[in-house]
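All of the numbers you see were taken from the coordinates with simple rules; none came from a lab. Every value quoted in this text rests on a predicted model; they were computed, and no experiment measured them. Cβ placement follows ideal geometry from the backbone for every residue including glycine, while neighbour counts extend to all protein chains displayed.
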Amino acid sequence: MSDPYVMQINETGGPDVLVKTARDPIAPGPGQALVRQLAIGLNFIDTYHRSGLYPVSLPFVPGSEGAGVIEAVGDGVRHLKAGDRVAYLGSATYASHYTGPAATMLKLPDNLSEADAAAVLLKGLTAWMLLFEVYRASPGDTALIWAPVGGVGSLLVPWATSLGVRVIGVTSSAEKAARARDLGASDVVMSGGDVANEVRKLTGGEGVDVSYDSVGKASAAASLDSLKPRGWWVSYGNASGAVEPIAPGVLGQKGSLILTRPSLFAFVGAPGGMQRGAAALFGALKTGTITPHVGQTFQLEEAADAHRAIEGGKTVGATLLLP
Ligand code: NDP
């Protein structure tokens, strides 16, 4: 085992700004637990922090989630003890060790490994938020799902399908299209073509009830043009860059459309939100509605390579960083 360390940025920029930096574990204070991390889920938001798209104060350690084994707990922690296996949302998780609030750490069920937990926690909660808290997808709805085989997408597609929703995926290659169909998409259109036109053809000219859109700048116009009157454009990510401003009048002209830009932390941070989301997520895993899919792993020290891979659209499923 190497000495304790974090992957830190001292300046924003490309993947190479991530540097390995020695850092002793932080002793847990009251209400906290110290975890030896075994797996860290890579999320696209980590690249926004690194690049400066989302401003951070420097120096900064990226990372929004992790899973591992508790080494010590602080005063007042009763429900967790050393040796327990946990997963959590948090900050600065690009590290061999994580110290954070024990109250929000989830004890892992016996049948869920740390790696699988890190693969599904943040991304599965995002899928839950989108389907149950933002636009409540119903049987008979048709949903357009962008990046359907990515970290979030590979959970969102089967979960939506299980609710009786018809899923049309939008992706970039024949291999990814085949995988999207395996996950439950009834149809797939190619992001390089005229997406809105293809969607109209597939829906008898009607359009879709909702577009779950993680691509952002490059997908905005096609999302808007693919919706039914009063359809929902759920813009939840910026994989291609931030969406340009849109005048409210455009939503009116295109059919009284609804635009929302949800952020997971507003949902899991609301009273009862984390409990609701975690219950739904662990339930969906238990019934096999969704399954963890670790598409690729990198050593934590190679986080720069992992960032290059996800930003290059080269990943499928979840990507893990292993300390
Ligand atoms: P993904 O695994 O989905 O990776 C991104 C995918 O986006 C690529 O594989 C690619 O899929 C697609 N893509 C399209 N255009 C581009 C581009 N120009 N550059 C790179 N990728 C592109 O990532 P995650 O699952 O980690 O995250 C998905 C999205 O969800 C991100 O935008 C993220 O910010 C957002 N998110 C938002 C949350 C929220 O609270 N709002 C919470 C969690 C995630 P393809 O080849 O199929 O087009």
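A few notes on this one:
- Only helical runs count toward this figure. For the chain, summing -39,500 (n - 2.57) over DSSP H runs of n ≥ 4 and dividing by all residues gives -8000 deg cm²/dmol at 222 nm.
- For F132 and E71, the FRET efficiency from 1/(1 + (r/R0)^6), where r spans their Cβ atoms and R0 equals 25 Å, is about 0.10.
- DSSP beta bridge pairing in the chain, given as percent antiparallel to the nearest 5: 50 percent
- With each label modelled as a point 7 angstrom along the Cα→C-beta vector, the D194-R36 pair spans 6.0 nm.
- Relative exposure of L89, L155, judged by other C-beta atoms within 10 Å (fewest first): L89, L155
- Tilt relative to the chain, helix 273-286 - C-alpha long axis, 0 to 90 degrees, to 10: 80 degrees
- Full extension of the chain between S186 and A218 gives 9.2 nm of extra length, using 0.36 nm per residue less the Cα-Cα distance.
- When you filter the GluC sites (Glu not before Pro) in the stretch 1-87 for DSSP loop state and at most 14 other Cβ atoms inside 10 Å of their Cβ, you are left with E11.
- The stretch 276-323 versus the stretch 146-210: alpha-carbon centroid distance in Å: 20 Å
- In a fully extended conformation the segment linking D3 and S263 would gain 90.1 nm over its present Cα-Cα distance, using 0.36 nm per residue.
- Taking a Cβ cut-off of under 10 Å around A33, the surrounding Lys, Arg, Asp and Glu residues balance to a net charge of -1, with basic ones at +1 and acidic ones at -1.
- Taking the C-alpha atoms only, the angle from helix 174-183 to the longest principal axis of the chain is near 80 degrees.
- Under the Karplus curve 6.51 cos²θ - 1.76 cosθ + 1.60, θ = phi - 60°, whole-Hz ³J(HN,Hα) for the stretch 149-158, x wherever Gly or Pro sits: 10, x, x, 6, x, 6, 9, 5, 5, x
- Put simply, the amide H of L227, placed in the peptide plane, has neighbours under 5 Å in V208, leaving out anything fewer than 5 places away on its chain.
- When peptides 164-177, 273-286 are ranked by their average number of other Cβ atoms within 10 Å per residue, the highest-first order is 164-177, 273-286.
- Shape of the stretch 216-323 from the C-alpha gyration tensor: oblate (a/c of 1.5 or more and a/b not above b/c, with a ≥ b ≥ c the square roots of its eigenvalues).
- H307, H293 arranged by Cβ crowding within 10 Å, fewest neighbours leading: H293, H307
- The ranking of Y5, Y94, Y212, Y54 by Cβ neighbour count inside 10 Å, starting from the fewest, reads Y54, Y5, Y94, Y212.
- Here the relative contact order of the chain, from alpha carbon pairs under 8 Å that lie six or more residues apart, stands at 17 percent.
- With the convex hull drawn over the C-alpha atoms of the chain, the volume per residue is 129 Å³.
- Inter-centroid distance (Cα atoms) of the stretch 1-31 relative to the stretch 239-259, Å: 39 Å
- Using alpha-carbon coordinates, inclination of helix 114-128 to the longest axis of the chain, degrees: 40 degrees
- For the stretch 132-146, backbone phi angles converted through the Karplus equation (6.51, -1.76, 1.60; θ = phi - 60°) give residue-by-residue couplings of 10, 10, 9, 10, 6, 5, 10, x, x, 5, 10, 10, 8, 10, 7 Hz, Gly and Pro being listed as x.
- Relative contact order (percent, whole number), the stretch 123-265, Cα cutoff 8 Å, 6+ residue spacing: 20 percent
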